[in-house]
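Engineer: Please find one structure pasted underneath; my questions will follow.
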Amino acid sequence: MLPTAIRLQEGIQVSTGVETREFQAEARQLLQLMVHSIYSNKDIFLRELISNASDALDKLRLQALVDKDLDVDTSDLHIEVEADREQRTLTVRDNGIGMSRDEVVSLIGTIAKSGTAELLRKMKESKEAAAQELIGQFGVGFYATFMVADRVVLTTRRAGETEATRWESSGEGTYTIETLDEAPQGTTVTLHLKPEDKDDQLHDYTEEWKIREIVKRYSDFIAWPIRTTTERPGESDGETTSEVVTLNSMKALWARPRSEVTDDEYKEFYKHVSHDWNDPLDIIHMKAEGTFEYEALLFVPAQAPFDLFMRDARRGVQLYVKRVFIMDDCEALIPEYLRFIKGVVDAQDLSLNISREILQQDRQIQLIRRRLVKKVLSSLKELMDNDADRYRTFWTQLGRAVKEGLLNDYENQRAILDISSFASTHDPEQLTTLAGYIERMKDGQEDIYYMTGESRTMIENSPHMEAFKAKGYEVLLLTDPVDEMWVESVADYDGKKLRSIAKGQVDLAGDDDTAESDPEREQQKETYAPLLSWLGQTLDEQVKEVRLSTRLTTSPACLVGDAADMTPALERMYRAMGQDGPKIKRILELNPTHPLVTGLREAYGARADDPALAETAELLYGTALLAEGGELDDPARFAKLLADRLARTV
């Protein structure tokens, strides 16, 4: 419970009915991580509390502007930091929007938001250093207080409501919550501090110099005054006097010239808007003047957010209008494939009560969005051209999301391709750009060759690769699920068509081929025509056609699709999403020089009615399917046929 002095000071009157609740199981595990001091830098707890208070003030000012019936005083919105050395408490207070009881239970009583279970799984698999980064990504914020406090008390009253709520916990798995008859509007968080422990980097957070240091380092840019009361000795009589001082400069970083902002200020602002405790990888500062004016300060993270591929993940940048905060996650300003971009956009000519629905249709918003996207993509291109290491970090962490833009952002498709990198057979370690691929193309090569698959190893060992390896043609190795889809949307790059080596006919005739190559091929077709026709009938339910291959050198057979066919992997993806369609039959290609194929041709010519030949055809098809990582329709039958055939050879 709060000491009486503090109760009276805050104007709190307590009602009866204290309710004790348990934290959700995953929340308890996160609390334990906090209580046992995972972080070496515990100062960040104050940054998180001030950041939360700043958000509450932003929301109150906006609510007061759009809701004229809300009876609140917004003339002196501020944050207070108050230390009591005798009681060893530190209090952070704001007169912002506040919270209702339900909001306290939802936002403070639990951390059971999407991604919590995944976060904990990663923590258990990682080392302690990695765990620090993971928690930073999750942005647990308020719970960082348990690194420095034995007990935390939160009192809050939502603007426009009469009843308040008091929440208290020692971080041991339970919390108490009660309704108060009266309390000041806003939120007050009081920390009952642990003893100072320099060995554990636990400072005395009642010291004024320490509070000043933390605020200056982490929260100087906060747009609201952060105040504290300081004691000063009198100049003449020696008596101490109390003076309220403002600890921060309150300068909006996006409104200041880049030359006047330090890198450290940018880094701390990024952490404020993103809840990421790592430094940003790149900073993008832009200002537009003319028909409509806006300023933007955007950041590229150095590490993929843990919820990057979660369907309900929050995305977008903060939107301000003439320095007035409008919303946290303005999705209309940033396309989904750039959802990792964080920052602020401050427009001059928008309405203060603009809604999310109106944003989607607003012409100015659409124009700002187009310019932001072009600026982000051009900045990433500069990063690729000028800093290979940082670009490599960006693409490794976020490239998979960026490639989603190739599916629907046709206006910027070329710019996205310019900054994209892919694995290829050219180098086992380094990625390549499409421009780099074209520079290395063989004389006479007209297409950019690629193959999709689940892994690099699977693609490299695929029968489809044999002729390309033999003749030294470079092939892009595309292993991300999104690759299966975007390659269908991109026709070409610099006039060079993108062509799958697992589809259509392949003719890699080179300078070393003799003039007799074509007649020889025609002779092969004539010789194998009866076998091909019989196989087509025998495997009619599995394949649409059987033909001779020019892409095989060592394997007996492979399966390919028609140029316009959907790949098996894409077909499986659609089925997994509940979009069932007709099964697409593929083409079985045979290597006319392989002993198994030549032997099968001779056997068919000698004993066409032998039922064992049909089993051999099944095995030939099954091995081709397995070689590319496919799934057999009847694995048990295939295993039995293979076992019987092997038994005859023993």
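Engineer: For the range 262-341, give me every one of the strands (runs of 3 or more DSSP E) that falls completely inside it and has 3 or more residues that are in contact with a Pro (Cβ under 7 Å, 6 or more places away or on another chain).
Structural biologist: Numbers: elements: 280-288, 294-301, 317-321, 324-330.
Strands (runs of 3 or more DSSP E) meeting the threshold: 294-301.
Engineer: Is it the case that the range 217-233 has a residue that's without any contact (Cβ under 8 Å) to a residue 24 or more places away in the chain and either small (Gly, Ala, Ser) or open to solvent by less than 10 Å² (accessible area, probe 1.4 Å) (or both)?
Structural biologist: Start the filter on the range 217-233 by keeping residues that are without any contact (Cβ under 8 Å) to a residue 24 or more places away in the chain, which leaves 230-233.
Retained after the next criterion (residues that are either small (Gly, Ala, Ser) or open to solvent by less than 10 Å² (accessible area, probe 1.4 Å) (or both)): 230.
Yes: the range 217-233 contains one or more residues that are without any contact (Cβ under 8 Å) to a residue 24 or more places away in the chain and either small (Gly, Ala, Ser) or open to solvent by less than 10 Å² (accessible area, probe 1.4 Å) (or both).
Engineer: Considering (1) under 29 Å from Trp486 (Cα atoms); (2) open to solvent by less than 50 Å² (accessible area, probe 1.4 Å), say which one Gln542 fails and leave the rest.
Structural biologist: Among (1) under 29 Å from Trp486 (Cα atoms); (2) open to solvent by less than 50 Å² (accessible area, probe 1.4 Å), Gln542 violates only (2).
Engineer: Please count how many residues of the range 234-279 are in contact with a Ser or Thr (Cβ under 8 Å, 6 or more places away or on another chain) and open to solvent by less than 50 Å² (accessible area, probe 1.4 Å).
Structural biologist: 6
Engineer: Right, something else. Filter the range 66-96 down to residues that are surrounded by fewer than 17 Cβ atoms within 10 Å (Cβ to Cβ) and of a type in the set (A, V, I, L, M, F, W, C) and give me whichever is nearest to the chain's Cα centre (by Cα).
Structural biologist: Filtering first and then ranking leaves Val66.
Engineer: Right, something else. Say whether the condition of being at pLDDT 90 or above and under 21 Å from the mean Cα position of the chain (by Cα) is met by at least one residue in the range 322-330. Before the answer, list the steps.
Structural biologist: Quick first cut of the range 322-330, residues at pLDDT 90 or above only: none.
No, the range 322-330 has no match at all.
Engineer: Of all helices (runs of 4 or more DSSP H) completely enclosed by the range 370-477, which ones contain at least 3 residues that are under 22 Å from Ala491 (Cα atoms) and open to solvent by less than 40 Å² (accessible area, probe 1.4 Å)?
Structural biologist: On the way: elements: 388-402, 405-408, 413-418, 434-439, 456-460, 466-471.
The qualifying helices (runs of 4 or more DSSP H) are 388-402, 413-418, 434-439.
Engineer: Within the set of pairs 6 or more residues apart or between chains, which connect a residue that is touching a residue at least 60 places away in the same chain (Cβ under 8 Å) and surrounded by 15 or more Cβ atoms within 10 Å (Cβ to Cβ) inside the range 623-647 to a residue that is of a type in the set (D, E, K, R) and assigned to a loop (DSSP other than H, G, I, E, B) with Cβ atoms less than 7 Å apart?
Structural biologist: Gly629/Glu454
For (1) buried (at least 23 other Cβ atoms within 10 Å of the Cβ); (2) outside any strand (DSSP E or B), each residue gets a yes or a no:
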{"position": "Thr145", "(1), (2)": "yes, yes"}
{"position": "Glu172", "(1), (2)": "no, yes"}
{"position": "Glu178", "(1), (2)": "no, no"}
{"position": "Asp181", "(1), (2)": "no, no"}
{"position": "Thr187", "(1), (2)": "yes, no"}
{"position": "Tyr205", "(1), (2)": "yes, yes"}
{"position": "Lys210", "(1), (2)": "no, yes"}
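Engineer: Looking only at the range 39-65, which residues are surrounded by fewer than 19 Cβ atoms within 10 Å (Cβ to Cβ), within 27 Å of the chain's Cα centre (by Cα) and of a type in the set (Gly, Ala, Ser)?
Structural biologist: The answer is Ser40, and nothing else.
Engineer: Sticking with this one: Determine whether Asp349 is in a strand (DSSP E or B) and more than 17 Å from Val402 (Cβ to Cβ).
Structural biologist: On the way: in a strand (DSSP E or B): no; more than 17 Å from Val402 (Cβ to Cβ): yes.
Spelling it out, it is not the case that Asp349 is in a strand (DSSP E or B) and more than 17 Å from Val402 (Cβ to Cβ).
Engineer: Taking the criterion of being open to solvent by less than 20 Å² (accessible area, probe 1.4 Å), closer than 29 Å to Met485 by Cα and out of contact with any Phe, Trp or Tyr (no Cβ under 7 Å at 6 or more places or on another chain), would at least one residue in the range 570-582 satisfy it? Reasoning before the result, please.
Structural biologist: Step one: filter the range 570-582 for residues open to solvent by less than 20 Å² (accessible area, probe 1.4 Å), giving 570.
Cutting the leftovers down to closer than 29 Å to Met485 by Cα gives us 570.
Still in the running and out of contact with any Phe, Trp or Tyr (no Cβ under 7 Å at 6 or more places or on another chain): 570.
There is at least one residue in the range 570-582 that is open to solvent by less than 20 Å² (accessible area, probe 1.4 Å), closer than 29 Å to Met485 by Cα and out of contact with any Phe, Trp or Tyr (no Cβ under 7 Å at 6 or more places or on another chain).
Engineer: For Arg315, which of the numbered conditions (1) at pLDDT below 95; (2) more than 30 Å from Ala56 (Cβ to Cβ) fails to hold?
Structural biologist: Going through the list (1) at pLDDT below 95; (2) more than 30 Å from Ala56 (Cβ to Cβ), Arg315 breaks only (2).
Engineer: Suppose the filter is acidic (Asp, Glu) and modelled with pLDDT of 85 or more; does Glu235 pass it? Working first, answer last.
Structural biologist: Numbers: acidic (Asp, Glu): yes; modelled with pLDDT of 85 or more: no.
Taking the combined requirement at face value, the residue does not satisfy it.
Engineer: Return the only residue of Leu193, Leu202 being within 35 Å of the chain's Cα centre (by Cα) and either closer than 18 Å to Glu48 by Cα or among the aromatic types (Phe, Trp, Tyr) (or both). Please lay out each step first, then the result.
Structural biologist: Values: Leu193 fails: within 35 Å of the chain's Cα centre (by Cα).
Criteria check complete, one pass: Leu202.
Engineer: Still on this structure: How many residues does the range 282-296 contain that are in contact with a strand residue (DSSP E or B) (Cβ under 8 Å, 6 or more places away or on another chain) and either under 16 Å from Ser378 (Cβ atoms) or free of Cβ contacts under 8 Å to residues at least 40 places away in the same chain (or both)? If you could, list the steps in order and put the result at the bottom.
Structural biologist: The initial filter retains those residues of the range 282-296 that are in contact with a strand residue (DSSP E or B) (Cβ under 8 Å, 6 or more places away or on another chain), namely 282-288, 292-296.
Narrowing the set further to residues that are either under 16 Å from Ser378 (Cβ atoms) or free of Cβ contacts under 8 Å to residues at least 40 places away in the same chain (or both) leaves 282-288, 296.
The number of residues fulfilling the criteria is 8.
Engineer: Just give me the residues in the range 480-501 being open to solvent by less than 50 Å² (accessible area, probe 1.4 Å), part of a loop (DSSP other than H, G, I, E, B) and modelled with pLDDT of 90 or more, in sequence order.
Structural biologist: Within the range 480-501, Asp480, Val482, Val487, Val490, Ile501 qualify.
Residue-wise test of (1) in contact (Cβ under 8 Å) with a residue 12 or more places away in the chain; (2) touching a Pro at 6+ places or on another chain (Cβ under 8 Å); (3) among the hydrophobic types (A, V, I, L, M, F, W, C).
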site	(1), (2), (3)
Ser555	yes, yes, no
Pro568	yes, no, no
Arg586	yes, yes, no
Pro592	yes, no, no
Val650	no, no, yes
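Engineer: Here's a follow-up. Yes or no: the range 189-198 includes at least one residue that is more than 30 Å from Leu308 (Cβ to Cβ) and modelled with pLDDT under 85. Step through it out loud before you land on a result.
Structural biologist: Residues of the range 189-198 that are more than 30 Å from Leu308 (Cβ to Cβ), as a first pass: 189-198.
Going one step further and asking which of them are modelled with pLDDT under 85, we end up with 198.
Yes, the range 189-198 has at least one match.
Engineer: The conditions are (1) in contact with a helix residue (DSSP H, G or I) (Cβ under 8 Å, 6 or more places away or on another chain); (2) open to solvent by 30 Å² or more (accessible area, probe 1.4 Å); (3) of a type outside the set (A, V, I, L, M); (4) modelled with pLDDT under 90, and Glu618 fails exactly one of them. Which is it?
Structural biologist: Answer for Glu618: the failing condition is (4).
Engineer: Scan the range 218-226 and tell me whether some residue there is among the aromatic types (Phe, Trp, Tyr) and in a strand (DSSP E or B).
Structural biologist: Narrowing the range 218-226 to residues among the aromatic types (Phe, Trp, Tyr): 218, 221, 224.
Right, trim to in a strand (DSSP E or B) and you get none.
Checked the range 218-226: no residue is among the aromatic types (Phe, Trp, Tyr) and in a strand (DSSP E or B).
Engineer: State which residue pairs qualify: first residue closer than 14 Å to Phe299 by Cβ and open to solvent by 20 Å² or more (accessible area, probe 1.4 Å) and inside the range 330-354, second residue outside any helix (DSSP H, G or I) and modelled with pLDDT under 90 in any location, beta carbons under 6 Å apart, and separation of 6 or more residues or different chains.
Structural biologist: Listed by first residue and then by second, the contacts come to Arg339/Arg315.
The values are calculated or read from the model by the stated rules, or taken from the named source; none is laboratory data. The structure presented is a predicted model; accordingly, all values stated were derived computationally and were not measured. Cβ coordinates were reconstructed from backbone atoms using ideal geometry, including for glycine residues, and neighbour counts include every protein chain displayed. Quick note on the areas: whole protein, heavy atoms, side chains included, nothing else; ligands and nucleic acids left out. Shrake-Rupley method; radii C 1.70, N 1.55, O 1.52, S 1.80 Å.
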